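The values are calculated or read from the model by the stated rules, or taken from the named source; none is laboratory data. Keep in mind that what you see is a predicted model, and the values were worked out from it rather than measured. Virtual Cβ from ideal backbone geometry, glycine too; neighbours counted across all protein chains shown.
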């Protein structure tokens, strides 16, 4: 991972996308891995939370960089996220005029 794109997840949010175990977060922005100050392994880059009638997705800030993923992968990923958010419960008062 680059540019510290992983998330710190708290509360009831659930990780939905995890990096490879050999990936690392560049905590000191040096663009090189340094075991003394960079985070290594299984880092969450996406999280989901559902409460009442709402669904929320949080993504790492560089998740959609085409340097990291090809456009096709980004497109499928985003469509699946939007499909999940849109499939949430339709609560009274949430209708579109």
Count of residues meeting criterion [closer than 21 Å to residue 88 by Cα and modelled with pLDDT of 85 or more] in the stretch 3-23: 6
Top-ranked residue of the stretch 25-59 - restricted to ones that are in a loop (DSSP other than H, G, I, E, B) and within 17 Å of the chain's Cα centre (by Cα), ranked as farthest from residue 83 (Cα to Cα): 26
Residues being buried (at least 18 other Cβ atoms within 10 Å of the Cβ) and more than 30 Å from residue 90 (Cβ to Cβ) - total across the stretch 24-55: 4
Matching residues, the stretch 12-24, being farther than 30 Å from residue 54 by Cα and outside any loop (DSSP other than H, G, I, E, B): 24
